[in-house]
Structures are given as structure tokens and as C-alpha cells.
Amino acid sequence: MPASPAFTARLFRYKGKAAWYFAAIPKRHAPKPTHPWGRTPVTATVDGHTWATSVWRAKDGDGSLLAVPKKIRGEKGDGDTVRVQLAVVPEE
């Protein structure tokens, strides 16, 4: 499947022991869930770094969430913006 248009997203830190950082994917850019629990496997590109991962439907149903690991986001943190592009991984 072709990649979505690139867009800007803001990072936020999920409160808790794990300290995960997520990029909020706006509803207009969020792929439809293809797996249980609102998960969709994607190839994500954030600020030029590409990796295989999944996006998850947000609890409020307004878009999706993309976990952005430290090795991808570098020194960016809570409140910083990143450039995101998603491509849904086709089911086999």
C-alpha cells in the first residue's frame, strides 16, 4: 500500500514507569485498524528514520497513536514536533 502524505505530529510522554513517547496521528491520517485491539501494522518514517511497527487506535477514537522509540526520536521529547509518514503493511 502506498505511503500516506507526510504530516507533522506532536510527541507526548505517557505517564508511568515505562515513559513511552507517542506521536498523535490525526484522524484524517490514521489508518483503519486491521487487527484486534485497534492495531494496524505500518512502516513508519519519523524525521527520516524508517522502521516496522504498528499504530494503535486512540482510546477516545480520535485518530491513532504511534510509539516513537528513543533511537528514532533522538533528543526530541514531550511537546516537540516530528514529521511522520505511514504506509500500511499489506496482509499476507
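Before moving on, here are some points about what is shown:
- Restricted to the range 63-92, and to residues there that are more than 14 Å from ARG10 (Cβ to Cβ) and in a loop (DSSP other than H, G, I, E, B), the residue that is farthest from the chain's Cα centre (by Cα) is GLU92.
- Top-ranked residue of the range 18-48 - restricted to ones that are aliphatic (A, V, I, L, M) and over 12 Å from the mean Cα position of the chain (by Cα), ranked as modelled with the highest pLDDT: ALA19
- Among the candidates GLY38, GLY48, GLY63, residue that is at positive phi and in contact with a His (Cβ under 9 Å, 6 or more places away or on another chain): GLY63
- Counting only residues that are of a type in the set (A, V, I, L, M, F, W, C), closer than 14 Å to LYS76 by Cβ and touching a residue at least 60 places away in the same chain (Cβ under 8 Å), the range 1-25 holds 4 of them.
- Residues that are outside any strand (DSSP E or B), under 22 Å from LYS71 (Cβ atoms) and touching a strand residue (DSSP E or B) at 6+ places or on another chain (Cβ under 8 Å), drawn from the range 1-47: ALA3, ALA6, TYR14, ALA19, TRP20, ASP47
- Within the range 51-69, the set of residues being surrounded by 12 or more Cβ atoms within 10 Å (Cβ to Cβ) and over 13 Å from ALA30 (Cβ atoms) comprises TRP51, THR53, ALA67, VAL68, PRO69.
The values are calculated or read from the model by the stated rules, or taken from the named source; none is laboratory data. On a predicted model such as this, the values are computed, not experimentally measured, just so you know. Heads up, the Cβs are rebuilt from the backbone with ideal geometry, glycines too, and the neighbour counts pull from every protein chain shown.
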